[in-house]
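The values are calculated or read from the model by the stated rules, or taken from the named source; none is laboratory data. If you're wondering where the values come from, they're calculated on a predicted model, not measured in any experiment. Cβ placement follows ideal geometry from the backbone for every residue including glycine, while neighbour counts extend to all protein chains displayed. Heads up: the accessible areas ignore ligands, DNA and RNA and are worked out on the full protein's heavy atoms, side chains in. Shrake-Rupley method; radii C 1.70, N 1.55, O 1.52, S 1.80 Å.
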Amino acid sequence: MNGPITTLAPALDSEILARIRCSDLLTRIATPDQAASLIHDGMTIGLSGFTRAGDAKAVPLALAERAKTHPMKLTVITGASLGHNTDKLLYEAGLLARRMPFQVDDTLRAAINRGEVMFIDQHLSETVEALRSRQVGPVDVAVIEAVAITEDGGIVPSTSVGNSASFAILAPKVIIELNLTYSAAMEGMHDIFIPAKRPSRTPVPVVTCDSRVGTPYIPIDPAKIAAIVITREADSPARVATPDPATTAIGAHLVDFLQNEVKQGRLPPSLNPIQAGIGVIANAVLSELNRSNFHNLRMYSEVLQDSTFELIDSGKLLYASGCSVTLSAPWAERVFNHIETYRDRIILRPQEISNHPEVIRRLGIIAINTALEFDLYGNVNSTHVGGTHMMNGIGGSGDFARNAYLSIFVAKSQAKGGAISAVVPMASHVDHTEHDVDILATENGLADLRGLAPRERARQVIAHCAHADYRDLLTDYFERACRERGGQTPHLLSEALSWHERYARTGHMRP
């Protein structure tokens, strides 16, 4: 099926008519299966969705069902992770040949690590740049969740923008999932700005967190809209773990550090705009900010999560810019049922703008991201367990770490009941080199690495970040490396990864 779908749909209710304001598109309303029939073997499809928010829901499910009788292999590109077990369903249906640039699904992760699905781990600001320049792709079909379609065919996204705008602009064929669960009052919450072509690109004109520089919808030719699927399903709720003593301690260390930066005149009393990664540690850090004396805060981040709205409700946070809203069930009900209350305090942008190096450096972002492990010299591993097995992907942490005013990485000092130390002699995989890391923090303390040479950094990391159970082992390794090998960055190469090898062999990093 190559042309637009025409259906004999029943009389449309007033809500659908109000949401699809381009009347010519009313004939494109289709079932999920009809829309899925537009996707064929070997295609590259772009799915909306960023951290389980605003993801395409009905068409991928129909595609998985259709694969039972129409086997095919696809390249699937998203903004970030998908909800509703979509990656699992697509893999189990035999559909996934390649996947990029980020995922969090347990089943897909195992398939990636078995080599069954080719996964391209990528900085989240770079995916659409590669598509736009035709270094990857092209996208054949875009499937985008929306809350409305304008009179001119513009797509009003739902709870995320991610890569949706560029998918829709670049793809010759667009399928829209019109989600009636979310209020049409979300219109006006988005700011769609697409950078000009290189090499004569003009600056991205975002100069404050609340800068609005684009349109409140994705502008495309309505003739490209091949199908509109009506859905009524909410996003998968975020998995938000309760802060524990360790994560609370990490947050307290960072608040103390930031208060001292203000005292030293290196930050204003309201701080620079904040970026925080997702997860329990990031939420704990932001919760500690809520209990601090800081006011008039601003956020320029990727994901606006529960703690973002806690800060807004407390009056601490003036404004938040991101590319998705990812919430637990209680906070989703609170926020989305009163979206008019929050709409003027938040803005959702394409991820290439939320993560744009130019803007991050201009705004002087304080970037807080999570590490799997880091080594004595400040090299950070965010992605690979034991140096070989992919967890989720680098996400946007690299975009922010390289360009932030303050690049902070946080982790609990131990994992697996103490069997794993997050502080190791040498990182088994490096996503962020020592050159991009300013601050490291665990529940034990905080190491300020700014202006320090490698040997000085090592002493700070051991003294302030390592768990007591591993501190003597790290000290012994470092001192012997200095004596026996020396150099700018001392290492005993025969032992540098021995902790990881020992864990793989015995289940514990300690001898």
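Brief remarks follow.
- Test: GLY393 is part of a loop (DSSP other than H, G, I, E, B), at pLDDT 95 or above and under 20 Å from PHE257 (Cα atoms): no
- Residue in segment 199-214 that is of a type in the set (Asp, Glu) and more than 30 Å from LEU271 (Cα to Cα) present: no
- Qualifying residue in segment 411-419 (condition: out of contact with any Gly (no Cβ under 8 Å at 6 or more places or on another chain) and surrounded by 23 or more Cβ atoms within 10 Å (Cβ to Cβ)): yes
- Of the residues making up segment 433-453, those that are outside any strand (DSSP E or B), farther than 23 Å from ASP244 by Cβ and either free of Cβ contacts under 8 Å to residues at least 24 places away in the same chain or open to solvent by 10 Å² or more (accessible area, probe 1.4 Å) (or both) are THR433, GLU434, HIS435, ASP436, ASP438, ARG450, GLY451, LEU452, ALA453.
- Restricting attention to segment 420-432, the residues that are open to solvent by less than 10 Å² (accessible area, probe 1.4 Å), outside any loop (DSSP other than H, G, I, E, B) and out of contact with any Lys or Arg (no Cβ under 9 Å at 6 or more places or on another chain) add up to 1.
- Residues (open to solvent by less than 20 Å² (accessible area, probe 1.4 Å) and within 18 Å of LEU271 (Cα to Cα)) located in segment 232-256: GLY251, LEU254, VAL255
- Options PRO71, PRO32, PRO4; residue that is of a type outside the set (Gly, Ala, Ser), touching a helix residue (DSSP H, G or I) at 6+ places or on another chain (Cβ under 6 Å) and either surrounded by 22 or more Cβ atoms within 10 Å (Cβ to Cβ) or modelled with pLDDT of 95 or more (or both): PRO32
- Residues of segment 483-502 include none that is closer than 29 Å to ASP244 by Cβ, part of a helix (DSSP H, G or I) and assigned by the TED database to the domain that holds PHE374.
- Selection count where residues are in contact (Cβ under 8 Å) with a residue 12 or more places away in the chain, out of contact with any Gly (no Cβ under 9 Å at 6 or more places or on another chain) and not in a helix (DSSP H, G or I), scope segment 268-291: 6
- Residues in segment 293-337 that are open to solvent by less than 10 Å² (accessible area, probe 1.4 Å), among the small types (Gly, Ala, Ser) and touching a helix residue (DSSP H, G or I) at 6+ places or on another chain (Cβ under 8 Å): SER301, SER307, ALA320, SER321, GLY322.
- Residues that are crowded, with 20+ Cβ neighbours inside 10 Å and within 32 Å of the chain's Cα centre (by Cα) within segment 454-476 comprise ARG457, ALA458, VAL461, ILE462, CYS465, ALA466, TYR470, listed in sequence order.
- Each residue in segment 477-497 was checked for being under 18 Å from SER413 (Cα atoms) and open to solvent by 30 Å² or more (accessible area, probe 1.4 Å), and 1 of them qualify.
- Scanning segment 80-99 for residues that are in contact with a Ser or Thr (Cβ under 7 Å, 6 or more places away or on another chain) and either within 24 Å of ASP399 (Cα to Cα) or at pLDDT below 95 (or both) yields ALA80, SER81, GLY83, ARG98.
- Against the conditions (1) open to solvent by 20 Å² or more (accessible area, probe 1.4 Å); (2) at pLDDT below 95, ARG361 satisfies every one except (2).
- Flag if VAL213 is of a type in the set (Val, Ile, Thr) and open to solvent by less than 10 Å² (accessible area, probe 1.4 Å): no
- Breaking point among (1) out of contact with any Gly (no Cβ under 9 Å at 6 or more places or on another chain); (2) of a type in the set (Phe, Trp, Tyr); (3) closer than 26 Å to ASP121 by Cβ, for TYR503: (1)
- Restricted to helices (runs of 4 or more DSSP H) entirely inside segment 81-173, those with at least 3 residues that are in contact (Cβ under 8 Å) with a residue 24 or more places away in the chain and touching a helix residue (DSSP H, G or I) at 6+ places or on another chain (Cβ under 9 Å) are 86-92, 127-132, 164-170.
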